[in-house]
1. Given a Förster distance of 35 angstrom, what is the FRET efficiency for CYS94 paired with SER66, based on the Cβ-Cβ distance and rounded to 0.05?
2. Can you pull the one-decimal nm distance between simple spin-label points at SER56 and LEU29, each 7 Å off the Cα toward Cβ?
3. In the set (i) 64; (ii) 41; (iii) 70, which value of percent of Cα pairs over 20 Å apart was calculated from the structure you see?
4. Residue by residue through region 9-14, which ³J(HN,Hα) values in whole Hz follow from phi under the Karplus form 6.51 cos²θ - 1.76 cosθ + 1.60 (θ = phi - 60°), with glycine and proline marked x?
5. Step through the residues of region 77-84 one at a time and calculate ³J(HN,Hα) from phi using the Karplus curve (6.51 cos²θ - 1.76 cosθ + 1.60, θ = phi - 60°), rounding each to whole Hz and writing x for Gly and Pro.
6. Convert each backbone phi in region 42-47 into a coupling constant with the Karplus relation 6.51 cos²θ - 1.76 cosθ + 1.60 (shift: θ = phi - 60°), then list the ³J(HN,Hα) values in order as whole Hz, x for Gly and Pro.
7. About the Cα centre of the chain, what is the dipole size in debye to 20, counting +1 per Lys and Arg Cβ and -1 per Asp and Glu Cβ, all else neutral?
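Every number here is computed from the coordinates shown, using simple stated rules; none is lab data. Here the structure is a predicted model, which is why all the values come from computation and not from measurement. Don't worry about glycine lacking a Cβ; one is built from the backbone with ideal geometry, like all the others, and counts go over all protein chains shown.
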Amino acid sequence: MEQLQDQHGRCFYTFFSVSRWFGFRLDFLTVGFLGASTFAAVAARASIDPGLIALSLTQALRLTGSFQWTVRQSAELENIMTRCCYEVDHLLVCLAVNCLSHKHWP
């Protein structure tokens, strides 16, 4: 039983680490995009209305936040669906070899 808990802990730590790494990369991408947008707005401040620049930067910030949330949720959904597929496959294999008797069931 302790080996199963250790294996679960390793899998959860790996998932948690990859999730944090992915979030950091998305944050880095967002900062780069907003920085480029800000520098472009400053460069074009003579020809564009300041209110329009503020509105475009605000909308860019909202869109990048929505992008981050969407990408993280899609990655989470893919992970959950893959795990469910593995569990269904394991159940079908166990049913095929008749390993779900009371003697082998935890």
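1. Values: r = 42 Å, r/R0 = 1.20.
After rounding, the FRET efficiency stands at 0.25.
2. Result for the modelled spin labels: 2.3 nm.
3. Only one option fits the structure, namely (i).
4. Here the 3J(HN,Hα) series is x, 5, 5, 5, 5, 5 Hz.
5. Calculated HN-Hα couplings, in order: 4, 4, 5, 5, 5, 5, 4, 5 Hz.
6. 5, 5, 9, 5, 6, 9
7. 220 debye
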